[in-house]
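S.K.: Please find one structure pasted underneath; my questions will follow.
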Amino acid sequence: MAKSSQIGLWAVLALTCFGFVVADAKLNQEECEMPALLNSMQPQPPLQVLLQKSSSSSKAGIAAEAIQVEHMAQKDLTRDGYARMMKQLGMAEFLIGLISNILMCAIFLGVFMYMRLKYPVVYSNNVLIGVAPRKPEETLFGWVAATLETSTDEAAQAVGLDSALAIEFQALCLRILVVICIPMLFIIAPLNCYFGSRSGADNLLARVTLDNVIDGHSWLLNLHGLAVLGICYAVRTLVFQAQGQFLERRFTWLKNLSGARATTVLVEGIPKAYRSDAKVLEFFSDIFGPEAIMQADVVKRTEALEGYLENYVAAKAGKKEAELQLETSKVRPTMRPTWFGASVDSIDYYSKELTKLDGLIPQERSRIKKEAAEVGGINTRSAFVEFRTPRDAAVSKYVNHSANKTEWVVSTPPDIHCIRWCDLRQKEDANCGSLFGKFIILCLFACFAPITVAISDAAEAIDAGILGPFEALWNAQAATIGLTIFLSMLPTVLLLIFRTFFTLRCERVAQQKLHVYYFWFLVSFVLLTPPIGLNIVELAAQVSASPWSLFYILASKFPGASCFFLNYLLLQWTVECMSAMRYTNLGKYRLFRVLYEKEQARQMAEPEDQDFYGLGARSACWTINLLLGIVFASLNPLVPAVALCYFCITRLVYGYLIVFAETKKPDLGGLFWVTQLKHVLLGTVIYCALMVGVFLQKDPAGMPSVLAFAGLLYMASAYIYFDEYFFWETLPFAEVAKCADGPRTSSESYAQPELMEPTASVK
């Protein structure tokens, strides 16, 4: 993944460099006589400037290319749906959107504060069970102080490192946006407003933007170029500082892994001749010595046994529910075991099922254990090897166990409670399923742009005149609401694809994949598609056909899109405040409370929906909203200001929910955090590429484009060498040498749960 990202980044970088160098060379050639039409005050794309200043021998070729680019741009970039989404909003519409979202946020937060006091089991359960680092005051605003007083280290100890770093990322976003907003709001925006000199900009929202600055305004555009460099320096510095602080927490997390996870390694790619517990134990004993190895458990194919156990749990739950119905209604409940079968007594049916399964389960377990003694057979290519000490387990990850990189691959095991055993026992041809899954995602990616256009068309098709006083509100929010709702459904589809076709070690890996793929969907269909009118596939095809079109597209489309993203970010305020209410969890709790005890009803109502409210989707949304503030910082200084307010809300909302309300999740030790930082760096590269195109249009012969290109090189190098600069995945060997030599006792083990005793398995 990292290698493909670097290749793509270098391709964008090379294309930008090529265009910049060629533009500079053309501009330095002898000037030709310009037509009278080109002396008008209308802004000109760099293609026309190059055409003016090129020699007569090359003018025909450049003219042909310019006509081709103009034709493609006019044909493809003025799609009706996106044109309506990008329409320039007036101050009145912006204020209506601002006020309406503030009111909605106040209502949702008010409901949350009331419900927190009324239903502490849903909104403050970590306080009730003693996990939270402190107890908030039992007042409406008591949660605010408790949230702000909780440090990242305290949160990590309470709910895990991944969850704590999610809160720390909010703080990082606030620091980045504060550094951006101070100069852009208080220096650049007033200068744009009073010295931009663009005629006809009677809208205050338009006057503070870069689009208000006339072409060739040398000193103001040079200041913008310096601002681009300043933003790049600030983002790079803050990101690298945050990663340096993360390393200390990561190494502490690795050294403090509890129980079996500290002394166990996951081994994948076991050769066929070694696929048994005894053979794997013998292999590692020959390397580390028999005294260093505790046991080896090869993952076994237990599909039939798993089915029996699932039926046992379902029958037990069904019997309990039927008994509760009998106790409540005093009538024995009935059911149909099959669609067209006769009705039978529910309690008798489930009792017979439990009796039958009580005989089948131990019989199947005995068969598996007997066959597992032989090499191959039901034994798979994955195993868990438990060492006597954490130090031996750490050392095993540094050893090359085979000349074949696909054999004897040793890694840190996932959390024992979230392992996907069905994926660990997949056969060698599982990669075919992953390829097919990626193909489905690619098809989904290609079909998504027409869907988003249809959303905009549907919003525009409604006659806003019938809404009366709400017409302005509809015009301001309709397109962004439709886009937000549809994008919120996408994580469910992606997770379904991952769980069906991909090989996942644990559920948390599914969240990490969702983080990456969902982020790129958001980049394409939130950041790029609305302003440009093309998705990434179409954009790449057009740039391949004509490299000049990249600069024309960026320069001509992004400046007019800033008002759309102002309203989009305003709507995100409301979305995050809705999350604070935990209305889904509260509804499920009230429903289950009718039949079950308080604690059991709470457990059945948790966790929150892991599709849209899981850490993967949340991380992608937070990152893209930060990038909107960065990418549009120069084009419209109000966008980072609105993004800053957004992260003030998320810091409070999720700072409370994650630590005080939500259940503790399995931990990957900072993988989401590192991915977010890399995405921030990559998004800043997109920002620099955008500003190169904008400056080439506004001042082709000036310094701003040179400064923006220097920022692009600076951020590209930061992104490419980020992984090489920070060694974070495993402990440095010097730290491994300091690990304690004594064994770390634990009652847990990485044995398949279905192979344990029946009571333990069912429990």
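S.K.: Show the residues, 5+ positions off or on another chain, whose built amide H is closer than 5 Å to the amide H of Glu608.
M.R.: Answer set, sorted by chain and number: Thr663.
S.K.: Now, a different point. Fewest to most neighbouring Cβ within 10 Å: what's the order for Glu374, Glu724, Glu662?
M.R.: On the way: Glu374 11, Glu724 7, Glu662 21.
Final ranking by Cβ density, sparse to dense: Glu724, Glu374, Glu662.
S.K.: Which entries in the list Lys316/Lys369; Lys352/Lys665; Lys557/Lys678 go over 28 Å, if you measure between the two C-alpha atoms of each?
M.R.: Values: Lys316/Lys369 26 Å; Lys352/Lys665 37 Å; Lys557/Lys678 26 Å.
Pairs exceeding the cut-off: Lys352/Lys665.
S.K.: Bin width 5 Å, origin at 0, all Cα-Cα pairs of region 258-372: what percent of pairs per bin?
M.R.: Using 5 Å bins, I get a P(r) of 2, 9, 14, 13, 12, 10, 9, 8, 7, 7, 5, 3, 1, 0 for region 258-372.
S.K.: Name the residues whose placed amide hydrogens come within less than 5 Å of the amide hydrogen of Met294, ignoring near sequence neighbours (fewer than 5 apart) on the same chain.
M.R.: Amide H neighbours of Met294, under 5 Å, 5+ apart: Glu386, Phe387, Arg388.
S.K.: Would you mind giving the three semi-axes, in whole Å and largest first, of the ellipsoid equivalent to region 614-723 according to its Cα gyration tensor?
M.R.: 33, 18, 8
S.K.: At 1.306 mPa s and 10 °C, plugging the Kirkwood radius over alpha-carbon pairs of region 98-139 into Stokes-Einstein gives what diffusion coefficient in µm²/s?
M.R.: Approximately 137 µm²/s, per Stokes-Einstein.
S.K.: Full-extension gain between Met91 and Leu354, please, as 0.36 nm times their residue separation minus the C-alpha to C-alpha distance.
M.R.: Extra length from Met91 to Leu354 when fully extended: 87.9 nm.
S.K.: Quote the FRET efficiency, to the nearest 0.05, computed for Phe436 versus Leu713 with a Förster distance R0 of 41 Å and r equal to the Cβ-Cβ distance. Write down the numbers at each step before the final one.
M.R.: Working: r = 39 Å, r/R0 = 0.95.
About 0.60, to the nearest 0.05.
S.K.: Defining a contact as two alpha carbons under 8 Å apart and six or more residues distant in sequence, what relative contact order in percent does region 615-700 show?
M.R.: 42 percent.
S.K.: Compute log10 of I(q)/I(0) for region 232-310 with the Debye formula, placing one identical point scatterer on every Cα and leaving out solvent, at q = 0.12, 0.15 Å⁻¹, to two decimals.
M.R.: After summing over all Cα pairs, the log10 values are -0.64, -0.78.
S.K.: Can you run phi through the Karplus equation (6.51, -1.76, 1.60; θ = phi - 60°) for region 290-296 and list ³J(HN,Hα) in whole Hz, with x for Gly and Pro?
M.R.: x, 6, 8, 9, 8, 6, 9
S.K.: Report the label-to-label distance for Ile451 and Glu724 in nanometres (one decimal), using points 7 Å from each Cα along the Cα→Cβ vector.
M.R.: So the two model labels end up 3.9 nm from each other.
S.K.: Tell me, what ³J(HN,Hα) does each residue in region 355-366 have, in order and in whole Hz, if you take phi through Karplus 6.51 cos²θ - 1.76 cosθ + 1.60 with θ = phi - 60° and put x for Gly and Pro?
M.R.: Each residue of region 355-366 in turn: 5, 5, 5, 4, x, 6, 5, x, 5, 5, 5, 5 Hz.
S.K.: If neighbour count is taken as other Cβ atoms inside 10 Å, put Tyr719, Tyr123 in order from fewest to most.
M.R.: Tyr719, Tyr123
S.K.: Using θ = phi - 60° and the Karplus relation 6.51 cos²θ - 1.76 cosθ + 1.60, list the HN-Hα couplings for region 582-599 in order, rounded to whole Hz, with x at every Gly or Pro.
M.R.: Values per residue, Gly and Pro as x: 6, 5, 5, 5, 5, x, 5, 4, 5, 5, 6, 5, 5, 10, 10, 5, 4, 5 Hz.
S.K.: Using R₀ = 45 Å, calculate the FRET efficiency as 1/(1 + (r/R₀)^6) where r is the Cβ-Cβ separation of Cys648 and Lys598; round to 0.05.
M.R.: 0.80
S.K.: Ok, one more. If only Cα atoms are counted, what is the Rg of region 565-672, and what is its Dmax, in Å?
M.R.: In order Rg, Dmax, the Cα atoms of region 565-672 give 16.7, 57 Å.
S.K.: To the nearest 0.05, what FRET efficiency results for Tyr194 and Val111 with a Förster distance of 45 Å applied to their C-beta separation?
M.R.: 0.55
The numbers here are math on the coordinates, done by the rules we state, and not lab data. What you are looking at is a predicted structure, and each value in this text was computed from that prediction instead of being measured. For neighbour counting, all protein chains shown are included, and Cβ atoms are generated from backbone atoms with ideal geometry for every residue, glycine included.
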